[in-house]
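Take a look at the structure set out below.
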Amino acid sequence: MAEALQDAATPAANPLDPLVILVVDDDPAFRYICARALFSSSRYAYQPVEADSAEQALDILVRRRVDGLLVDYGLPGMSGADLMQQVRLLHEHRHTAMVAMTASGSEEVAAEVLRAGASDYISKSAITDQSLCRAIGNALERASLHNAVHDRAEALEKANQQLQKRNDEIARFYQTVSHETKTPLTAAMLFLSMLEKEVAGPINADQKQMVQQATASCRELARHLDALIDSTRLEAGKMNLELEDADLANVVERAVAGVRPGADAKDIDLRVTVDGNIPPFAMDGPRIVQVLGNLLGNAVKFTPAGGCVELEAKRVPAVCSQIPNAAGDVVEIDIRDTGIGIDADDLPRIFDRLYQVGDKGDAAMGAGLGLGLTIAKEIIDLHRGRISVTSAVGEGTTFSVALKLESVDEQGA
């Protein structure tokens, strides 16, 4: 019966069809009065259907579509309130327009019919054509609005589930492709390393240079694959930090070591200053190395030969930092370069996914995947830190990273 009633509650497909109103009253004369009032309506076209009991009304509801009900509160047998409650329960999430007709206008009766599911109630002694049509018309509009909101919410929920499913499928695809690609890539890099070390026999200078170039390309591809994996993990909320009290100087040294060959190749002055009064503090060391390595790598990439890239890490009071509400001091790491700079219009999008530094610059410099800065920001956000950028075209760029100077124990307190 529930499924039948659910279908019966669905409005007519043709909006020009009259709205079917089920009049439930054991008095045939009063049913006639209601039908006459409905036919007189100028607001909507109604088609009255009559029932003399709650049981007959339920039978009609099973057999045909009904848009609204006018229900006598004082029905014999199953009461009008019980009927409305039954209809409401059987229709589940659908809202049915129901107006109760009462012999008295007492507050107790009004409260009972409203709890049972009535949208409104009117006193039978005061009913006029206008008041009855107004009551059922308003009830129909409220029911229509409620059902439209419910349908929209249900559709959005379904669409969201489909999008989430699709997102999970894409994430699994990226992870599978990345994993399956990195396995042969690792083997290729191993063989290239063996060639460079002349394990299989001597090679000349030109051959060694080609092997080195091939190795560099493999490493770049590996970095791109790592970026794709990190991006999918972040989107899925599955990147977890492994916090430990780490020495910042050591972390910086590892990040700098990764970009120094590139800086030396361009004769870039790579300067590093780490404040000596920074104790070990809570961080995921490898992830911070990844962030600083990305920022330093961009600085080297977009700084002309003979330029300067500087990393400065210092301890500052929270009120003077990007995290003014921090409980203690803050570590700020600034990475400055004398590179090409970033247009002011592009700065608000610098950390957006797929935004590529240098879109308007020299294409030969390479733009990458547009994931590095997005991942860097997400990692810093996971540390409850801040990252910002200041730049101007032709005047270089400064990226600033702020991290709370807290131990693992202090963060867990």
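Of the residues examined, residue 89 is one that is of a type outside the set (Asp, Glu), in the same structural domain as residue 56 (by the TED database) and under 36 Å from the mean Cα position of the chain (by Cα).
Could you check how many residues of the stretch 138-172 are small (Gly, Ala, Ser), in contact (Cβ under 8 Å) with a residue 60 or more places away in the chain and either outside any helix (DSSP H, G or I) or out of contact with any Asp or Glu (no Cβ under 8 Å at 6 or more places or on another chain) (or both)?
Total meeting the criteria: 2.
Which pairs have Cβ atoms under 9 Å, sit 6 or more apart or on different chains, and link a residue in the stretch 176-197 that is exposed (fewer than 11 other Cβ atoms within 10 Å of the Cβ) to one that is modelled with pLDDT under 90? So the pair list comes out empty.
The residues of the stretch 23-43 that are in contact with a helix residue (DSSP H, G or I) (Cβ under 6 Å, 6 or more places away or on another chain), buried (at least 16 other Cβ atoms within 10 Å of the Cβ) and farther than 16 Å from residue 102 by Cβ, listed by number, are 37, 41. If you check residue 343 against the conditions, is it in contact (Cβ under 8 Å) with a residue 24 or more places away in the chain and surrounded by fewer than 14 Cβ atoms within 10 Å (Cβ to Cβ)? So residue 343 fits the description; yes.
Answer with yes or no whether residue 130 is among the polar types (S, T, N, Q), within 29 Å of residue 45 (Cα to Cα) and more than 37 Å from the chain's Cα centre (by Cα). Considered against the rule, which asks whether it is among the polar types (S, T, N, Q), within 29 Å of residue 45 (Cα to Cα) and more than 37 Å from the chain's Cα centre (by Cα), residue 130 comes out as yes.
The residues of the stretch 272-293 that are exposed (fewer than 12 other Cβ atoms within 10 Å of the Cβ) and in contact with a strand residue (DSSP E or B) (Cβ under 7 Å, 6 or more places away or on another chain) amount to a single one, 277. For residue 137, are the conditions met, namely being more than 18 Å from the chain's Cα centre (by Cα) and surrounded by 11 or more Cβ atoms within 10 Å (Cβ to Cβ)? Taking the combined requirement at face value, the residue satisfies it.
Contact annotation: no residue pair with Cβ atoms under 6 Å, 6 or more positions apart or on different chains, pairs a residue in the stretch 260-287 that is closer than 16 Å to residue 408 by Cα and outside the structural domain of residue 375 (by the TED database) with a partner that is of a type in the set (D, E, K, R) and loosely packed, with under 15 Cβ neighbours inside 10 Å.
Considering each of 249, 255 in turn, give the residue that is farther than 24 Å from residue 371 by Cβ, among the hydrophobic types (A, V, I, L, M, F, W, C) and at pLDDT 90 or above.
On the way: 255 fails: farther than 24 Å from residue 371 by Cβ.
Testing whether each residue is farther than 24 Å from residue 371 by Cβ, among the hydrophobic types (A, V, I, L, M, F, W, C) and at pLDDT 90 or above leaves just 249.
Among residues of the stretch 97-110 that are of a type in the set (A, V, I, L, M, F, W, C), those with a Cβ under 8 angstrom from a residue that is loosely packed, with under 13 Cβ neighbours inside 10 Å and modelled with pLDDT under 90, sequence gap 6+ or separate chain, pair up as 103/125. Residue count for the stretch 173-213, restricted to those that are touching a helix residue (DSSP H, G or I) at 6+ places or on another chain (Cβ under 8 Å) and part of a loop (DSSP other than H, G, I, E, B): 2.
Look through 225, 234 and report the one residue that is in contact (Cβ under 8 Å) with a residue 40 or more places away in the chain, in contact with a Leu (Cβ under 8 Å, 6 or more places away or on another chain), assigned to a helix (DSSP H, G or I) and crowded, with 16+ Cβ neighbours inside 10 Å.
Details: 234 fails: in contact with a Leu (Cβ under 8 Å, 6 or more places away or on another chain).
Being in contact (Cβ under 8 Å) with a residue 40 or more places away in the chain, in contact with a Leu (Cβ under 8 Å, 6 or more places away or on another chain), assigned to a helix (DSSP H, G or I) and crowded, with 16+ Cβ neighbours inside 10 Å holds for just one of 225, 234, which is 225.
The values are calculated or read from the model by the stated rules, or taken from the named source; none is laboratory data. It should be emphasised that the depicted structure is a prediction, and the values quoted were computed from it without experimental measurement. Cβ atoms come from the backbone with ideal geometry, glycine included; neighbour counts cover every protein chain shown.
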